């Protein structure tokens, strides 16, 4: 159990940091071209009322922990795969569980913004985790 925690913890940290830097950086660029609201959203998220950016960082950390457990040699390319997988899970599993339609994931346009945010996050996750675990 301790070995699992030792491997997952850097992934959680890397995933959360990647949200706050890479993903929110991409979000800021999308805001400049009028595709997203301002980056670092502070509006409350149910049920606890934490600011959205902290909620995103938490879930980025959860994904990062899973990534660290699965990937032995992280880099930006394996991180990109994590970004694509996170979008697919969101569109085909999370959205239907929240009452939406999984069919939205079949429309290529539905993938554009999520990929524009999660590919930078994934690349950042891979880079940060590689830097944390090699040395």
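None of the figures in this text is laboratory data; all of them are computed from the coordinates on show. Computed from a predicted model, the values in this text were never measured in an experiment. In this analysis, Cβ positions are derived from the backbone assuming ideal geometry, glycine residues included, and neighbour counts consider all displayed protein chains.
Overview of values
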| item | result |
| --- | --- |
| Zone residues, the range 57-82, relative to residue 88, backbone N less than 11 Å from point 7 Å out along Cα-to-Cβ | 81-82 |
| Extended-chain gain in nm, criterion 0.36 nm per residue less alpha-carbon gap, residue 35 and residue 5 | 7.0 nm |
| C-alpha long axis of helix 109-133 to longest principal axis of the chain, angle in ° | 20 degrees |
| Protection-proxy order for peptides 35-44, 5-14, each taking the mean of Cβ atoms within 10 Å per residue, highest first | 5-14, 35-44 |
| Relative contact order [Cα under 8 Å, 6+ residues apart], the range 2-133, whole percent | 35 percent |
| Fully extended contour minus Cα-Cα distance, from residue 97 to residue 132, at 0.36 nm per residue | 9.2 nm |
| Global geometry of the range 48-99, whether rounded, prolate or oblate, following the gyration tensor of its Cα atoms and the 1.5 cut on a/c | oblate |
